[in-house]
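As structure tokens, the structure follows; a few thoughts come after it.
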Amino acid sequence: MGNCLVASHLLIAQVELLAASHNYRLVIDIDGRYSGPATYDLSPWKHPNTIGVNDVPKVAVIENASGDFWQSVSGVLRVDDTSPLSGFVVADLSFNGGGPTPRLTSLTISGDWSCSRIP
């Protein structure tokens, strides 16, 4: 579980993903287009490598240690009306920066997510 910031037309969530040898963060960003619980289409970002910029609904996976950054290029993000805030994401992501180019330049993620609302 992570933390969410929800305000008028804005949802930003950060969820920790723990693996055997690496720690990652799933970042969900709907800036300017958030209209509450719904299913949001994920498309290529208009402003690559930018979180918190009003362009398209998006998700990213960031490796905490290296800063390696994969950003969504397609998929869907569902936001449910529950407390804590939760939903489902299925997304194709492409490597777009950080350390040296990793072995995996594209990822697919699929699963439930949830976070606690913060003021």
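Overview of values
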{"item": "Whole-percent pair-distance distribution, where bins are 10 Å wide, for the alpha carbons of segment 41-83", "result": "26, 46, 25, 2"}
{"item": "Inter-probe distance in nm under a simple model that places probes 7 Å from Cα toward Cβ, at N3 and D81", "result": "2.7 nm"}
{"item": "Under the Karplus curve 6.51 cos²θ - 1.76 cosθ + 1.60, θ = phi - 60°, whole-Hz ³J(HN,Hα) for segment 17-31, x wherever Gly or Pro sits", "result": "10, 9, 10, 4, 10, 9, 10, 10, 10, 8, 10, 10, 9, 10, 10"}
{"item": "Calculated FRET efficiency for the pair S66/R33, C-beta based, R₀ 35 Å, to 0.05", "result": "0.70"}
{"item": "³J(HN,Hα) computed for each position of segment 49-59 - Karplus, 6.51 cos²θ - 1.76 cosθ + 1.60, integer Hz, glycine/proline x", "result": "6, 10, 9, x, 10, 6, 9, 9, x, 8, 10"}
{"item": "Amide hydrogen neighbours beyond the local backbone of V56, cut-off 5 Å, H modeled", "result": "K46"}
{"item": "Distant-in-sequence amide H partners of N3 (H built 1.01 Å from N, under 5 Å)", "result": "Q14, S116"}
{"item": "Other-chain or far-sequence residues with amide H under 5 Å of G97's (modelled H)", "result": "F69"}
{"item": "Relative pair counts by distance (%), Cα atoms of the chain, 10 Å bins", "result": "14, 50, 31, 5"}
{"item": "Computed FRET value (nearest 0.05) for H47 with D112, which takes r as the C-beta separation and R₀ as 30 Å", "result": "0.60"}
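Bear in mind these aren't lab numbers, they're just calculated from the coordinates by the rules spelled out. No experiment lies behind these values; they were computed from the predicted model shown. Cβ sites come from the backbone with ideal geometry, for glycine too, and all protein chains shown count toward neighbours.
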